[in-house]
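Have a look at the structure below, then the notes.
The values are calculated or read from the model by the stated rules, or taken from the named source; none is laboratory data. Computed from a prediction, not measured in an experiment: that's the story for all the values here. Positions of Cβ are generated from backbone atoms using ideal geometry, with glycine treated the same way; all protein chains shown enter the neighbour counts.
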Amino acid sequence: MKEYICIDIGGTTIKYGIINEKGKFLKAEECSTEAHLGGPHILKKVIALVEQLKAECNGEGICISTAGVVDCKHGVITHAAPLIPDYAGTKIKKAIEQSCRLPCEVENDVNCAGLAECYSGASKGTYVSVCLTIGTGIGGALIIDRRVFHGFSGSACEVGYMHLPGGAFQDQGASSVLTKRVAAMKHIPVCGVNGKYVFDQAKSGDRDCIKAIEEMTDILGMGIANICYMVNPEMVVLGGGIMAQKEYLEPLILKSVNSHLIRSVARHTKIAFAKNGNRAGMLGAYYHFVSCRQLV
């Protein structure tokens with residue numbers, strides 16, 4: 001059975017593993033990205049991980065999911081957040097193929113998450129879906145007929161930068177904003193507030209936390225509605241660590257989405273929660289690789 005090496009490069013951790021042609025993980029581990037050391041260091045680290053994994057399997061190819069805007073054709077990072085200095089311009093595909101002597105394909109991490117959900121997750125069987133990851137920022141992926149829609153220059157569905165009343169979508173609706181908002185309300189250091197604290201307090205009746213969550217979900221609903229008016233997806237899949245609070249968040253998000261959508265659009269739009277967890281990037285990188293090679 002064919003096996004593939006998968007790497008998911010995030011701002012905090014690099015997840016890496018081996019997957020077979022049936023989409024089953026044979027190995028899955030992670031290590032620190034050490035993003036502050038910059039793009040060249042990360043590339044060396046990824047090459048070392050690939051060499052390690054090559055010794056453990058008969059790899060057919062290398063599947064890369066990564067933060068940043070990606071030129072998929074050439075496997076180049078065209079834009080990266082300041083969190084990873086000197087990452088923009090990194091020629092991942094070329095460097096890995098030359099060093100490791102295996103074919104390599106590279107895709108953006110949110111696009112990979114969207115592919116993972118489309119092939120074997122919440123949006124399986126849909127023709128048009130949008131996947132949003134809610135975390136430090138807000139990322140988006142538009143999947144049409146099991147393929148990522150990249151747009152003209154590769155930046156389609158960069159919805160975090162979308163402008164809403166009050167500022168950018170991700171500057172108001174990301175989970176990182178939620179903790180900052182609660183800290184400000186309670187006049188305590190941000191380092192003393194995390195998502196678990198906010199939801200635990202909200203479930204205990206804390207008005208500040210309840211209000212902050214409702215403000216966040218209203219922004220999310222507004223942003224999702226705007227995306228639906230433009231794209232008309234069959235399903236919007238919500239991912240990111242905060243979405244583990246599905247029981248609390250789902251009714252609030254649905255209420256907000258429906259308040260911002262006209263009925264004829266709302267009744268044809270499903271909201272779902274991602275199913276693939278923290279392996280979504282690696283899994284989606286595999287699906288991207290095999291689709292590029294026309295194996296699925």
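One table, with the values for the structure above:
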| read-out | value |
| --- | --- |
| Where a residue in the range 131-154 is on the phi > 0 side of the Ramachandran plot and its partner, wherever it lies, is assigned to a strand (DSSP E or B) and of a type in the set (A, V, I, L, M, F, W, C), with Cβ under 9 Å and at least six apart | Asp145/Val128; Gly151/Leu142; Gly154/Val69; Gly154/Val70 |
| Matching residues, the range 222-257, being touching a Gly at 6+ places or on another chain (Cβ under 9 Å) and closer than 17 Å to Leu164 by Cα | Met222, Gly223, Ile227, Ile253, Ser256, Val257 |
| Residues of the range 61-70 classified as surrounded by fewer than 24 Cβ atoms within 10 Å (Cβ to Cβ) and either more than 22 Å from Cys292 (Cβ to Cβ) or modelled with pLDDT of 95 or more (or both), total | 1 |
| Output for the range 48-94, where each listed residue is outside any loop (DSSP other than H, G, I, E, B), aliphatic (A, V, I, L, M) and in contact with a strand residue (DSSP E or B) (Cβ under 9 Å, 6 or more places away or on another chain) | Leu49, Val50, Leu53, Ile62, Ile64, Val69, Val70, Val76, Ile77, Ile92 |
| Positions within the range 181-196 being surrounded by fewer than 20 Cβ atoms within 10 Å (Cβ to Cβ) and in contact (Cβ under 8 Å) with a residue 12 or more places away in the chain, in sequence order | Met185, Lys186, Asn194, Gly195 |
| Top-ranked residue of the range 150-180 - restricted to ones that are under 17 Å from the mean Cα position of the chain (by Cα) and surrounded by fewer than 16 Cβ atoms within 10 Å (Cβ to Cβ), ranked as farthest from Ser120 (Cα to Cα) | Tyr161 |
| Candidate set: the range 212-227, residues that are surrounded by 21 or more Cβ atoms within 10 Å (Cβ to Cβ), free of Cβ contacts under 8 Å to residues at least 60 places away in the same chain and not aliphatic (A, V, I, L, M); chosen: the one nearest to Leu254 (Cα to Cα) | Gly221 |
| Qualifying positions in the range 258-274 - assigned to a helix (DSSP H, G or I) and closer than 19 Å to Met162 by Cβ | Ser259, His260, Val265 |
| Members of the range 121-145 found to be modelled with pLDDT of 95 or more and not in a strand (DSSP E or B), listed by number | Gly121, Ala122, Ser123, Lys124, Gly125, Thr126, Tyr127, Asp145 |
| Number of the condition not met by Ser32 [criteria: (1) of a type in the set (Ser, Thr, Tyr); (2) loosely packed, with under 15 Cβ neighbours inside 10 Å; (3) closer than 15 Å to Ile92 by Cβ] | (3) |
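Rundown of residues vs (1) over 30 Å from Gly61 (Cβ atoms); (2) among the small types (Gly, Ala, Ser); (3) buried (at least 23 other Cβ atoms within 10 Å of the Cβ); (4) free of Cβ contacts under 8 Å to residues at least 60 places away in the same chain, yes/no style:
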residue: Leu252; (1), (2), (3), (4): yes, no, no, yes
residue: Ser256; (1), (2), (3), (4): yes, yes, no, yes
residue: Leu261; (1), (2), (3), (4): yes, no, no, yes
residue: Arg267; (1), (2), (3), (4): yes, no, no, yes
residue: Leu283; (1), (2), (3), (4): no, no, yes, no
residue: Cys292; (1), (2), (3), (4): no, no, no, no
